[in-house]
Amino acid sequence: MTDGSLWGYAPSAGHTPDADLTGYKVEALDGHIGKVDKHSNDVGAQYLVVDTGPWIFGKEVLLPAGTVAAVDHENEVLRVARTKEQIKGAPEFDKDTHLGDPGYRDQLSGHYGTDGPGH
């Protein structure tokens, strides 16, 4: 079973449900990791797909919304409460197979835990 709190934005993050986060820069605790390629606002299943560009050889990573610590709409920047190493070490993401896969969400929940903002 997935942990629903990890799959929703913390109230303190500053996310608004109508905001389009596509293209926002994504900053980990220790530096830039990429930009938002896709995001979901589905209740209980909110996430970001981040295009990491050259940082990890052009791969994409999926971040549960609960990892987002702050959204800066003015500067179009998301800050996540995880390190680059934690994100790089996440289970490999393939958008063609993983977006609707509850088993993959369980793997991510285990990897990222619930020690993020507001949890």
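The values are calculated or read from the model by the stated rules, or taken from the named source; none is laboratory data. Fair warning: this is a prediction, and the values are worked out from it, not measured in the lab. Methodologically, a virtual Cβ is constructed for each residue, glycine included, from the backbone with ideal geometry; neighbour enumeration extends over all protein chains shown.
Here are some notes:
- Region 65-79, subset outside any loop (DSSP other than H, G, I, E, B) and charged (D, E, K, R), residue surrounded by the fewest Cβ atoms within 10 Å (Cβ to Cβ): 72
- Any hit, region 86-97, residues being at pLDDT 90 or above, in contact with a Gly (Cβ under 8 Å, 6 or more places away or on another chain) and buried (at least 16 other Cβ atoms within 10 Å of the Cβ): no
- Some residue of region 94-117 being within 13 Å of the chain's Cα centre (by Cα), in contact (Cβ under 8 Å) with a residue 24 or more places away in the chain, assigned to a strand (DSSP E or B) and at negative phi: no
- Of the listed requirements (1) in contact with a strand residue (DSSP E or B) (Cβ under 9 Å, 6 or more places away or on another chain); (2) farther than 17 Å from residue 113 by Cβ; (3) outside any helix (DSSP H, G or I), residue 90 misses just one: (2).
- Residue-level analysis places residue 35 among those that are of a type in the set (D, E, K, R), buried (at least 19 other Cβ atoms within 10 Å of the Cβ) and more than 13 Å from residue 108 (Cα to Cα).
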